[in-house]
Amino acid sequence: MPIDVDEVQRRRAIAHATLAVAARDGARAITIRAVAKELGGSTAMVTNYVPTRTALITNAVLAAESRWRTDLEAHLDDLSGADRLRATVEWHLSTEPEDRLLRTLWIEMLSSAHTEPHGVDRREPLEARQEFLDASVAAGVPDAGLAADVLSLLTRGYYVSTLEEPAYWTAERAGRVARAVVDALIDS
């Protein structure tokens with residue numbers, strides 16, 4: 001008799017195992033076999049839900065994104081106008097260790113876009129750009145569409161920069177840049 005497995009729970013467990021492997025051994029160590037070992041099972045218990053390495057990484061990134069949305073809403077709770085826009089940008093420029101790990105996975109996921117285009121999460125950048133657009137409109141930025149594009153490029157570039165120069169891109173430095181960019185956009 002087949003075992004009844006909750007697919008959502010299994011994908012979540014696979015995401016946690018993928019993050020555990022990456023945190024302990026680095027992103028390059030993520031393989032189906034390593035994740036299966038972390039779960040204490042066979043490779044089939046992984047490949048039935050996520051068939052490739054890119055799918056493993058994308059699954060982990062998607063699982064983190066749902067937590068990000070909840071965290072962002074809590075961070076912005078009572079803020080409005082320019083304060084909400086600044087806080088949105090600063091939140092995206094986090095320097096927490098888990099965020100750096102997830103950015104490493106994000107880079108791994110993107111590096112496979114040419115071979116596995118369906119393995120790349122294309123929804124999150126649209127959602128982030130929409131957050132920037134909504135916050136820019138609420139802050140009264142004259143060209144909210146341009147602001148959303150600038151802030152999207154700023155944050156995406158920051159993700160790469162924190163992996164290249166983690167010691168340089170401190171929370172203080174990133175916050176200073178974010179405030180300067182937001183202030184310039186508001187005053188344009």
Inter-probe distance in nm under a simple model that places probes 7 Å from Cα toward Cβ, at Ala184 and Arg28: 3.6 nm
Whether the chain is rounded, prolate or oblate, judged on the alpha carbon gyration tensor where a/c under 1.5 counts as rounded: prolate
Between helix 123-138 and the chain: long-axis angle, C-alpha atoms, 0 to 90°, nearest 10: 20 degrees
Neighbour net charge for Arg156 - beta-carbon separation under 14 angstrom, K R +1, D E -1: -4
Apportionment of accessible area to carbon and sulfur, the chain, percent (1.4 Å): 55 percent
C-alpha center-to-center spacing [the stretch 101-143, the stretch 7-67] in angstrom: 21 Å
Principal-axis tilt of helix 81-92 within the chain, Cα atoms, nearest 10 degrees: 30 degrees
Full-stretch length increase - Arg100, Glu124 - with 0.36 nm per residue and alpha-carbon distance subtracted: 7.0 nm
The chain, helix-only ellipticity at 222 nm - DSSP H runs n ≥ 4, -39,500 (n - 2.57), divided by all residues, nearest 500: -23500 deg cm²/dmol
Within the stretch 1-52: Cβ-based charge dipole about Cα centre, in debye rounded to nearest 20 (Lys, Arg +1; Asp, Glu -1): 220 debye
Spacing of the two label points (7 Å from each Cα toward its C-beta) at Ala167 and Lys37, in nm: 3.2 nm
In sequence order, calculated HN-Hα J values of the stretch 37-54 (Karplus, 6.51, -1.76, 1.60; Hz; x Gly/Pro): 4, 4, 7, x, x, 8, 5, 4, 5, 9, 5, 5, 10, 9, x, 9, 4, 4
Efficiency of FRET from Cβ geometry, Thr115 and Val137, R₀ 25 Å, rounded to 0.05: 0.10
Cα gyration tensor shape for the stretch 1-71, rounded if a/c is under 1.5, else prolate or oblate: oblate
Ranked packing of 174-181, 23-30, most packed first, by mean Cβ within 10 Å: 174-181, 23-30
Table column - 3J(HN,Hα) (Hz), the stretch 174-182, Karplus curve with 6.51, -1.76, 1.60, x for Gly and Pro: 5, x, 4, 5, 4, 4, 5, 5, 4
The stretch 144-188: C-alpha gyration tensor shape, a/c 1.5 cut-off, then a/b vs b/c: oblate
Solvent-accessible area per residue, Å², over the chain with all protein chains present [probe radius 1.4 Å]: 54 Å²
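The values are calculated or read from the model by the stated rules, or taken from the named source; none is laboratory data. Model, not experiment: these values are computed from the prediction. When we count neighbours, we look across all protein chains shown, and the Cβ atoms used for this are built from the backbone with ideal geometry, even at glycine. Ligands, DNA and RNA are stripped out before the accessible areas are found, and what is left, the full protein with its side chains, is counted by its heavy atoms. Shrake-Rupley method; radii C 1.70, N 1.55, O 1.52, S 1.80 Å.
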